Amino acid sequence: MIAGITGISGNAFALSQPNIDCQSGSICVHPGDFMTYSTEFEKVPSIETYTFGDYIGTDKVSVSITSVLNGTKIQSNNILDLKTGFYNETANGSGLPILVMVPTPINVGKNISGVSEKTQNFNGSQRDVVSVANNTATSTNEIGYDKETGVLMYLHLIPKSANAVTSILDVSFPTKYDLINTNMFANSVTQADLQIPSWIKNNAKWWAQGSLTDDDFTKGIQYMVQNGMMKIPHTQSDSSLPHQIPSWVKTSAGWWANGQISDNDFVKGIQYLADSNIIHV
């Protein structure tokens with residue numbers, strides 16, 4: 001079923017890093033994008049977060065996968081190939097598929113059995129979801145992806161018996177993923193939604209050049225947001241994200257100050273700082 005979804009994708013969104021574009025049929029993410037899921041394997045619940053970091057060349061990106069199970073936190077740092085959709089690839093091209101993302105946007109083929117479109121409420125917003133359902137002799141499966149971003153909304157694999165596994169999605173134990181938080185849906189923000197005083201670019205430039213400390217920059221952004229001098233869209237904060245400013249945020253601030261990226265792309269960095277509780281807006 002996963003292959004059926006990834007095979008019907010069209011043109012992708014542009015990445016925020018200058019001179020790097022998403023290729024048709026590839027996964028498109030921005031540094032700082034994250035998705036958090038409530039998961040369940042064999043009726044054991046956990047929380048799993050995927051956080052995308054710096055680009056590596058033009059077709060790879062770092063991705064941190066953090067799982068919290070029975071109070072124990074496990075984190076792995078990986079490299080995702082945006083073209084193949086595999087991370088931790090070996091020299092022969094094998095690796096693990098990133099189940100939580102597919103190429104975007106998704107075009108629905110009406111002649112594909114089990115594929116449909118539906119609307120799902122997510123944290124007060126309506127999302128168009130591409131759903132793939134499959135009822136086999138051994139399991140009942142349904143997967144839903146956000147049509148615009150390619151983010152996994154839910155995955156429910158329910159076995160009918162504990163006997164033989166006959167396909168990649170036929171499992172001998174219940175497996176569930178349900179999206180509970182993400183900043184990926186902020187891509188729909190328009191330029192009209194943003195109010196950024198032009199002189200902030202000086203602060204961003206000084207910060208990127210090292211003339212302004214991280215603390216001074218974040219305090220300045222926080223002050224301006226709290227006093228209505230700068231308005232940014234709000235997303236839900238995720239306490240599982242690291243509380244240290246990643247290098248890509250400072251790099252993007254320098255690009256923005258030099259006119260290399262848009263206000264929207266700069267705000268993604270500010271949103272990340274807010275989502276990771278580095279600044280409080």
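The values are calculated or read from the model by the stated rules, or taken from the named source; none is laboratory data. What you see is a predicted model, and the numbers here were worked out from it, not measured in a lab. Quick reminder, even Gly has a Cβ in these numbers, built from the backbone with ideal geometry, and neighbours come from all protein chains shown. SASA here: full protein model, heavy atoms, side chains in, ligands and nucleic acids out. Shrake-Rupley method; radii C 1.70, N 1.55, O 1.52, S 1.80 Å.
How many of the residues making up segment 135-149 are at pLDDT below 90, open to solvent by less than 50 Å² (accessible area, probe 1.4 Å) and out of contact with any His (no Cβ under 9 Å at 6 or more places or on another chain)?
So the answer is 4.
Can you name the number of the only condition in (1) of a type in the set (Val, Ile, Thr); (2) surrounded by fewer than 20 Cβ atoms within 10 Å (Cβ to Cβ); (3) more than 30 Å from ILE143 (Cα to Cα); (4) modelled with pLDDT of 75 or more that ILE270 fails?
The failed condition is (2).
What are the residues in segment 225-260 that are in contact with a Pro (Cβ under 8 Å, 6 or more places away or on another chain), at pLDDT 75 or above and under 15 Å from ILE196 (Cβ atoms), if any?
SER252, TRP255, listed by residue number.
Look through THR119, THR166 and report the one residue that is modelled with pLDDT of 90 or more and open to solvent by 60 Å² or more (accessible area, probe 1.4 Å).
After ruling out the rest, the residue left standing is THR119.
When you check ALA208 against the structure, is it among the hydrophobic types (A, V, I, L, M, F, W, C), surrounded by 12 or more Cβ atoms within 10 Å (Cβ to Cβ) and at pLDDT below 85, yes or no?
So ALA208 fails the test.
For segment 42-104, which fully contained strands (runs of 3 or more DSSP E) count at least 1 residues that are in contact with a Phe, Trp or Tyr (Cβ under 9 Å, 6 or more places away or on another chain), free of Cβ contacts under 8 Å to residues at least 24 places away in the same chain and open to solvent by 20 Å² or more (accessible area, probe 1.4 Å)?
60-69, 72-81
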